[in-house]
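This report refers to the structure that appears directly beneath it.
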Amino acid sequence: MTVLALAITDASGLDRLAAPPEFAGITAGRLHFGGEFCETLLPTAAGLKRALAAAETFGLAFTLATPIVSDAGLARLDRLLPLLPPGTEVTANDWGFLRRLRDHFPDLVPTAGRLLCKQVKDPRLPSAEWTRLQPHGIHAPGFTAMLARLGCRRIEMDVAPFATEADFHSPSMAVSVHAPFGFTTKGRSCRIGSLALPTSGKFAIGHDCRKECLRFQSAATRPDAATADLATVQRGNTLFYRHATEMAATLRAAAAAGAVERVILAGDWP
Amino acid sequence: MRIVTPISAAAEIAPLAEAGADEFYCGIVPPDWTARFRSSGVNRRLFGNFATYAELEEATATAHDKGCSLSLVLNAPHYAAEQAEAAIELAYRFAAFGGDGLIVGDIGLLAQLAERGPGLRLHASSLLSCRNSEAAALYGEIGAHRVIFPRDITPAEMARVIVANPATEFEAFILNDGCVFEEGSCHTIHLPGRLGGPICLDGYQSAHARVDDQPLSPTETDALAANDEAHRRWLWYRFSCGFATTEDGLPFGPCGLCALPTLAAHGVTAVKIAGREGNTARKVKSVEMVRAVRDRIAAGETPAAITEHARGLRRRPDLCDSDYMCYYPEV
C-alpha cells in the first residue's frame with residue numbers, strides 16, 4: 001500500500017501540516033522535512049526541533065531531507081543528527097554524506113535522494129526517443145550494489161518525462177516518488193539568492209543570501225520553443241517541471257501495481 | 001601541476017603537447033555502440049568524440065610518443081545495466097591499446113570498473129559532485145586514483161578535501177566552458193539548436209512572483225529586474241564572453257588562472273582545460289596560457305606577480321574586474 005508523505009522545506013511551512021493534503025484518497029502519514037537543493041537551507045537546531053515536534057503532534061513519521069554539502073555543511077549536519085531519534089530516516093543527496101551516515105550514524109536510516117538517482121528529466125523533450133539516448137541506471141546492478149554498500153534500502157525518484165510504469169519497479173529497493181513536480185537541474189550559483197548582493201558579488205558560490213527562495217519563485221517559459229514544454233518553474237537554484245496528466249497517470253498506475261511504496265507530495269516548495 | 005587537455009582528434013596531440021599539455025582526455029562513440037543501442041550516449045558529450053577504434057588507438061600511441069598520458073571519458077551521468085557492461089568492454093579495449101585512465105561519471109560504473117575492469121587508473125568525474133572530504137574518501141574507497149572537483153567549489157573547500165585525503169590526486173577546472181548549473185545535478189540533454197540547445201543557453205523568460213501570492217512591490221520589481229539584467233551579463237561571461245577570443249586567439253570565458261598559485265599551494269595535482277568540442281587553436285592557446293602561469297610558479301615568482309601576469313594575458317583587465325569571468329572569484 002502506498003504511503004503519502006508531505007514535503008516541507010523550511011520550518012516556516014510547518015503550519016501546512018494542520019490541513020494535510022490527500023492523494024488518491026490517502027492522507028499524509030509522514031513528514032519529509034528539509035531542503036534537498038541548497039546547503040543554506042539546512043535547518044537550524046531550533047527549526048529541526050520544531051519540525052520533530054510538529055510531526056509528533058500530527059502523528060507523522062519523520063524524514064530529514066538534506067542537500068549536497070561542503071565540509072562546512074557536513075559539520076552542521078553532525079550537530080543536527082544527534083537530535084534525531086534512533087531509526088529516523090535521513091534522505092541524502094550527497095555521496096559523501098551517505099558515507100558519513102554509514103560510518104558515524106548507524107542508528108539512522110539512510111535513503112538515496114533524487115539527486116543521486118539520475119535520469120534524463122528535460123522538460124523540453126519532444127518525444128520519448130530522446131530518453132533512449134541515456135537510459136537511466138537507477139535499478140542497474142552496479143548502482144544498487146553501491147546503495148546497498150552504503151546501507152540504503154530506499155531510493156527517491158522523480159517521474160521523468162515519458163516515464164513508464166517499469167521505471168519504478170526496483171528489484172531491491174523501496175521506491176519513493178516525488179509529486180507533482182520533478183527537478184530538472186540545479187546550480188550552486190543562485191540567481192534569486194543574489195538579489196541583495198552587490199553586482200560584482202552576484203552569482204558567486206558560497207556567499208550568504210537572504211533566503212529569497214522562500215519568498216519568490218519564477219515561471220520559466222520559452223516563447224520561441226519548437227516544442228510544447230512541461231510547465232516549468234524556477235525556485236531558488238533549481239528548475240522544476242510539473243507533471244503532465246499522463247505522467248500523473250503513470251505514477252498512479254505504478255503505485256497501484258505496488259512499485260511505489262511512498263509518494264512525497266510537495267508542500268511549501270515545488 | 002599537470003595540465004589536462006581535451007582532444008577530439010589524434011592530430012591535435014602534437015601541437016598541444018608542444019604547447020605544454022601533460023595529459024589528454026578524449027571520448028569515443030564507436031559504431032558498434034551506436035548499432036547496439038541506437039544511441040550515441042557513450043559519454044556526456046554528443047560531439048567532439050572519436051568515431052572509430054582506430055582513431056583511439058592512434059591517439060593513445062601518439063600521446064605516449066609525446067610523453068603524455070591519455071584518458072578515456074566514460075562520463076555519462078548514468079548507465080543502464082547493458083550500457084554499463086558495454087562501457088566495461090570499451091575500457092578493456094582501451095586498455096589493450098595501451099590507454100592510461102578512465103574518467104567515470106556514474107558511481108556504479110566506477111565501482112564495477114574498480115572490481116572487474118582492466119586495471120587502468122580511475123578518475124572520478126566532476127559529474128560525481130565531490131564537494132566534501134567524505135565524498136572524496138568514498139571515491140577513493142571504491143578505487144578512484146583521482147577526483148576531479150566540480151566547477152562550483154571554492155579553493156578553500158578544495159583545501160579541506162585534499163588535506164583529508166592525502167592518498168588521492170585532485171584535479172580542478174582552470175579554463176573554458178562554464179556550466180550555469182551543476183553538471184552532476186543536471187538531468188537535461190544538450191539538445192540540437194532547433195530544439196533549444198543546452199537548457200542554460202535556451203531563451204527562457206522568467207515571470208517572478210511572490211510565493212505568498214501577494215503582488216510584487218515596486219521595490220521588489222525593480223530589484224528583480226536589476227538582478228535579471230546582471231544575470232544576463234553573467235551568462236555572457238559564463239559562455240566565454242559571447243564565445244569570443246582576443247585578437248591573438250586567447251579564449252575569454254571561465255578562467256582560474258589567477259588562482260593557479262593557490263590551487264598549487266593547496267595540493268591540486270592537475271588542472272583541467274574543458275572543451276573537447278572546441279577547435280584546435282582554442283585548445284592550443286588555452287594550454288599556452290596555463291603553461292605561462294605555471295612556469296612562473298615553478299620559477300618562484302610571487303603570487304602577486306603571477307596574478308598580475310595572468311590578468312594581463314588577454315589585455316582586458318576590465319573583463320577580469322567584473323568578477324564574472326572567474327571560476328574562483330574569491331581568490
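Evaluated over the protein assembly as shown, the count of Lys pairs having alpha-carbon atoms less than 19 Å apart is 10 (only pairs 8 or more residues apart or interchain). A Cβ-based charge dipole, computed about the Cα centre of chain A with Lys and Arg at +1 and Asp and Glu at -1, lands at about 420 debye. When both bridge partners sit in the protein assembly as shown, DSSP labels roughly 30% of those beta bridges antiparallel.
DSSP beta bridges fully contained in the range A:139-270 are about 60 percent antiparallel.
Take each residue of peptide B:159-169, count the partner chain Cβ atoms within 10 Å of its Cβ, and average: the result is 1. A helix-only calculation puts chain A at -6000 deg cm²/dmol for mean residue ellipticity at 222 nm, using -39500 (n - 2.57) for each DSSP H run of at least four residues, averaged over all residues. Applying 1/(1 + (r/R0)^6) with R0 = 45 Å to the Cβ-Cβ distance of residue A:12 and residue B:304 gives a FRET efficiency near 0.45. The separation of the range B:284-331 from the range B:113-178, counted between C-alpha centres, amounts to 24 Å. Of the chymotrypsin sites (Phe, Trp or Tyr not before Pro) found in the range B:229-331, not one falls in a DSSP loop while having at most 15 other beta-carbon atoms within 10 Å.
Sorted into 10 angstrom bins from 0, the C-alpha pair distances of the protein assembly as shown split as 3, 17, 28, 28, 17, 6, 1, 0 percent.
Between the range B:5-66 and the range A:116-175, what is the separation of their alpha carbon centroids in Å? Taking the Cα centre of the range A:116-175 as reference, the centre of the range B:5-66 is 29 Å away.
Taking a Cβ cut-off of under 14 Å around residue A:209, the surrounding Lys, Arg, Asp and Glu residues balance to a net charge of +3, with basic ones at +1 and acidic ones at -1. The GluC sites (Glu not before Pro) of the range B:242-306 that DSSP puts in a loop, and whose beta carbon has at most 16 other beta carbons within 10 Å, are B:247, B:277, B:301.
Which value does Rg/Rh take for chain B over its C-alpha atoms, Rh per Kirkwood? Radius of gyration over Kirkwood radius for chain B works out to 0.98.
Relative contact order, whole percent, for chain B stands at 18, derived from Cα pairs under 8 Å and 6 or more residues apart. Among the trypsin sites (Lys or Arg not before Pro) within the range B:1-62, those in coil by DSSP and having at most 14 neighbouring Cβ atoms inside 10 Å are B:38. The range A:193-218 and the range B:72-89 have their alpha-carbon centroids 37 Å apart.
Quick note: the coordinates plus some simple rules give every number you see, no bench work behind them. All values reported here derive from a predicted model rather than from experimental measurement. Here the Cβ is made from the backbone with ideal geometry for all residues, glycine too, and neighbour counts use every protein chain on show.
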